[in-house]
Amino acid sequence: QANNFIKNVKLRKGDLPPVLDIEAMPKNQSIDSLKVGLKRWIEKVNAHYKVKPIIYTNEKFYEAFLKKEFREYPFWIANYNFFTENIEDDWLMWQFSEKGSVPGIIGNVDLNIYNSSSKMLQYLTLID
């Protein structure tokens with residue numbers, strides 16, 4: 001999967017770092033095996049792009065399986081069950097709804113909050 005990602009994703013200046021989306025346990029894989037695979041993907045993608053990937057997941061999966069072992073990585077957490085003004089300190093981004101609207105786009109869009117300033121968002125984006 002990492003090789004396929006690298007082959008198909010050409011990042012440019014201003015893009016966010018690569019994002020790994022993991023939201024559920026695979027049917028025929030243990031959590032330990034899954035974590036090994038996640039680490040391999042992250043390491044390979046990090047080595048290629050020279051930037052730490054973001055991990056996108058839902059809050060339950062994050063709390064149960066990822067929070068402790070992957071704490072050095074930025075997390076983009078999906079939780080549509082509540083709204084709060086102050087998101088968790090260790091969440092880089094919070095996806096709080098999939099029912100937003102944007103002029104010019106037909107259908108629903110995801111709504112997210114970045115957990116810092118616009119200046120810090122510039123530092124997060126790729127510079128080369």
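We did not get these values from a lab; they are worked out from the coordinates using the rules stated. Given the structure is predicted, the values throughout are model-derived calculations rather than measurements. Glycine also receives a Cβ, built like all others from the backbone with ideal geometry; neighbour counts cover every protein chain displayed.
Restricting the count to DSSP beta bridges whose residues both fall in region 15-128, what percent are antiparallel, rounded to a multiple of 5?
Once the DSSP bridges in region 15-128 are tallied, antiparallel ones form about 30 percent.
How high is the FRET efficiency from Thr125 to Ser30, r the C-beta distance, R0 30 Å, rounded to 0.05?
The pair Thr125/Ser30 has a calculated efficiency of 0.25.
Efficiency by 1/(1 + (r/R0)^6): what FRET value for Lys7 and Ile105, r their Cβ-Cβ distance, R0 = 25 Å, to the nearest 0.05? Kindly include the intermediate steps, with their values, before the conclusion.
Details: r = 28 Å, r/R0 = 1.14.
After rounding to 0.05, the efficiency reads 0.30.
Let a ≥ b ≥ c be the square roots of the eigenvalues of the Cα gyration tensor of region 1-109; is it rounded (a/c under 1.5), or, if not, prolate (a/b larger than b/c) or oblate? List each step's numbers first, then the result.
Details: a/c = 1.66, a/b = 1.19, b/c = 1.40.
Note, shape of region 1-109 comes out oblate.
Run the paramagnetic zone check for Asp15: 7 angstrom along Cα to Cβ, then residues of region 80-114 with backbone nitrogen under 16 Å.
Zone members listed by number: none at all.
Taking the alpha-carbon distance from Lys35 and a cut-off under 18 Å, which lysines remain once sequence neighbours fewer than 8 residues away in the same chain are dropped?
Lys27, Lys44, Lys52, Lys60, Lys67, Lys68
Say a paramagnetic label sat at a point 7 Å from the Cα of Tyr114, along Cα to Cβ; which residues of region 1-33 have their backbone N under 14 Å from it?
Within reach of a label on Tyr114: 14-17.
Considering only the other residues whose Cβ falls under 14 Å of the Cβ of Asp32, what net charge follows from Lys and Arg at +1 and Asp and Glu at -1?
+3
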